[in-house]
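Below you'll find the structure, written out as structure tokens, and then a few comments.
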Amino acid sequence: MRFSGLRVLREGLTGNKGWAPHWRDPEPKAEYDAVIIGGGGHGLSTAFYLAKNHGMTNIAVLEKGYIGGGNIGRNTTIVRANYYLPGNQEFYSHSLKLWEGLEQDLNYNVMFSQRGIINLFHSDGQRDAFVRRGNAMRAQGDDAILLDREGVRAHLPYLDFENSRFPIYGGLLHARGGTARHDAVAWGYARGADERGVDLLQNCEVTGIDIENGAVRGVQTSRGVIRAKKVAIVTAGRSGQVAAMAGMRLPIESHVLQAFVTEGLKPCIDHVISFGMGHFYISQSDKGGLVFGGDLDFYASYAQRGNLPMAEHVMEAGMTLMPMIGKAKVLRSWGGIMDMTPDGSPIIDTTDTAGLFVNCGWCYGGFKAVPASGFALAHLMATGAPHETAAGFRLDRFRTGRGLMDEEGTGAQHNLH
Ligand SMILES: Cc1cc2nc3c(=O)[nH]c(=O)nc-3n(C[C@H](O)[C@H](O)[C@H](O)COP(=O)(O)OP(=O)(O)OC[C@H]3O[C@@H](n4cnc5c(N)ncnc54)[C@H](O)[C@@H]3O)c2cc1C
């Protein structure tokens, strides 16, 4: 089923009765060439690119819940390529380019909106750091514009520029950054993979990984045993638990990240604003809700909901930055489980078990990575070699200490990234 303006018009005039489900609901086969554990953004995009780029279509995505129920449907939808370190830079730059062609690629409206991101700074030292970052972004071929205080004011007049603790000195504008509708991204990739023959198996929890003579043979699931010579663990906050089924201990800690949305308001914020000093960021959804969030809940947890101290912290930071937000009513808050690595950068790699792959460690920035992550893991699974944009995301950097990519210079504490 192809989408077009004409089709939308026809369906609108005939009671929307002609739409078919976006993907099939197949029974599991006994064996696939490859299975992907986890039907989040990264698992679905991996399946899509395996089929599209490498012609591998006898594959299944195994999802313990429903498509879009994990972090892919819980994030604050920010897409950007404003990384500083080699290794991360080329990967996120590639991802942004894939985002720019994604709707045509998927024939699906993911509401990708390049409304621009402004990262605020509040001291001379921070300005220097942003100048360096902006130069690195431009050297990579991406965009960055340094704004002084009046430059920020021209875009965001409602901020509190004179706050005594965090006076605004300026900001770094990344104009190609923005937002996308998160669950549409999951649905678009799911539909694209399904169209190419991939089986999407929902309510199919993986409960064991079968390994013989050092090679993966398949998985045990709540819907029976499924054999496969290639298995990828793409389970975000649950990566540690699933990898343990293969006897692995990943360098991952799972933490809750919360987000909040207000009632719908008239358009008032037309960028994404990031207030790093207050651990606060905000944008406005197409429905009008102000969508915002902050830092992780600091304790490790598998609960998909957060706790009040961080909610209070986020509200305080919001009021510090833009007192006008005090008038908006918060409708909902929710949490997702973040897979935090010690250097804050992700892992896309093979493992010591032949045929077993891992894709995890996205910390709280894995939404923007969805296209390039699936692209790179599909490349690794199909060819056996890492894709050039993801060659640094090796698992053994945490054992050897070589190749660590600590973007924020925060040190080896998972929850500080
Ligand atoms: C509040 C919040 C805000 C965020 N904001 C942003 C943002 O603005 N920008 C950004 O880039 N990133 C953001 N992120 C991070 C981003 O959402 C995640 O890094 C990314 O979605 C993780 O990858 P995923 O989509 O594959 O994860 P998920 O959607 O969580 O997919 C993993 C799937 O694995 C399944 N699974 C787990 N165990 C099993 C099993 N045993 N068997 C079968 N299936 C299993 C789960 O059910 C889940 O569906 C945010 C996250 C949160 C929670």
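Values as computed for the structure displayed
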{"item": "Set Tyr49, Tyr32, Tyr108: member being among the aromatic types (Phe, Trp, Tyr) and either within 17 Å of the chain's Cα centre (by Cα) or surrounded by fewer than 16 Cβ atoms within 10 Å (Cβ to Cβ) (or both)", "result": "Tyr49"}
{"item": "Matching option when the condition is closer than 30 Å to Ile36 by Cα and not hydrophobic (A, V, I, L, M, F, W, C), among Tyr281, Tyr299", "result": "Tyr299"}
{"item": "Residue within segment 283-291 that is assigned by TED's automatic domain parsing to the domain that holds Ala60 and within 12 Å of the ligand (Cβ to nearest atom) present", "result": "no"}
{"item": "Single condition Gly326 does not satisfy, out of (1) under 22 Å from the mean Cα position of the chain (by Cα); (2) away from the ligand (no atom under 11 Å from the Cβ); (3) not assigned by TED's automatic domain parsing to the domain that holds Val231", "result": "(1)"}
{"item": "Residue list for segment 50-67, filter: away from the ligand (no atom under 16 Å from the Cβ) and either basic (Lys, Arg) or part of a helix (DSSP H, G or I) (or both)", "result": "Ala51, Lys52, Asn53, His54"}
{"item": "Yes/no for Arg165 being under 27 Å from Val225 (Cβ atoms), more than 15 Å from the ligand (Cβ to nearest atom) and either surrounded by fewer than 20 Cβ atoms within 10 Å (Cβ to Cβ) or in the same structural domain as Arg74 (by TED's automatic domain parsing) (or both)", "result": "no"}
{"item": "Sole residue being modelled with pLDDT of 95 or more and either buried (at least 23 other Cβ atoms within 10 Å of the Cβ) or touching a Gly at 6+ places or on another chain (Cβ under 8 Å) (or both), chosen from Gln140, Gln220", "result": "Gln220"}
{"item": "Subset of segment 65-82 [under 22 Å from Gln258 (Cβ atoms) and in contact with a strand residue (DSSP E or B) (Cβ under 8 Å, 6 or more places away or on another chain)]", "result": "Gly70, Asn71, Arg74, Asn75, Thr76, Thr77, Ile78, Val79, Arg80"}
{"item": "Some residue of segment 11-20 being part of a helix (DSSP H, G or I), surrounded by 12 or more Cβ atoms within 10 Å (Cβ to Cβ), out of contact with any Ser or Thr (no Cβ under 6 Å at 6 or more places or on another chain) and free of Cβ contacts under 8 Å to residues at least 24 places away in the same chain", "result": "yes"}
{"item": "Looking only at segment 12-49, and only at residues there that are polar (S, T, N, Q) and farther than 23 Å from Val225 by Cβ, the one that is farthest from the ligand (Cβ to nearest atom)", "result": "Thr14"}
{"item": "Unmet requirement for Ala354, which otherwise passes all of (1) within 16 Å of the ligand (Cβ to nearest atom); (2) under 30 Å from Ala34 (Cβ atoms)", "result": "(1)"}
{"item": "Cβ-Cβ under 8 Å pairs, at least 6 apart or on other chains, segment 253-268 side closer than 16 Å to His182 by Cα and at pLDDT below 95, far side crowded, with 21+ Cβ neighbours inside 10 Å and not acidic (Asp, Glu)", "result": "none"}
{"item": "Any hit, segment 297-309, residues being charged (D, E, K, R), buried (at least 17 other Cβ atoms within 10 Å of the Cβ) and at pLDDT below 95", "result": "yes"}
{"item": "Filtered residues of segment 221-240 (kept if near the ligand (Cβ under 10 Å from one of its atoms) and either without any contact (Cβ under 8 Å) to a residue 40 or more places away in the chain or in a strand (DSSP E or B) (or both))", "result": "Thr221, Ile233"}
{"item": "Inter-residue pairs, beta-carbon under 8 Å, first within 12 Å of the ligand (Cβ to nearest atom) and in segment 176-188, second of a type outside the set (Val, Ile, Thr) and assigned to a strand (DSSP E or B), 6+ apart", "result": "Gly178/Ser113; Thr179/Ser113; Thr179/Ser283; Ala180/Ser113"}
{"item": "Among (1) surrounded by fewer than 24 Cβ atoms within 10 Å (Cβ to Cβ); (2) touching an Asp or Glu at 6+ places or on another chain (Cβ under 8 Å); (3) modelled with pLDDT of 95 or more, the one test that Ile59 misses", "result": "(1)"}
{"item": "Glu90 being in contact with a helix residue (DSSP H, G or I) (Cβ under 6 Å, 6 or more places away or on another chain) and of a type in the set (Asp, Glu)", "result": "yes"}
{"item": "Search result, residues across segment 337-364 that are within 23 Å of Leu102 (Cα to Cα) and surrounded by fewer than 20 Cβ atoms within 10 Å (Cβ to Cβ)", "result": "none"}
{"item": "Single residue of segment 263-279 satisfying the filter (part of a strand (DSSP E or B) and buried (at least 21 other Cβ atoms within 10 Å of the Cβ)) that is nearest to the ligand (Cβ to nearest atom)", "result": "Val272"}
{"item": "Filter pass, Ala81 being aliphatic (A, V, I, L, M), within 15 Å of the ligand (Cβ to nearest atom) and more than 29 Å from Val219 (Cβ to Cβ)", "result": "yes"}
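The values are calculated or read from the model by the stated rules, or taken from the named source; none is laboratory data. Note that the coordinates shown come from a computational prediction; the quantities given were computed from them, not determined experimentally. We place every Cβ from the backbone using ideal geometry, glycine too, and count neighbours over all the protein chains shown.
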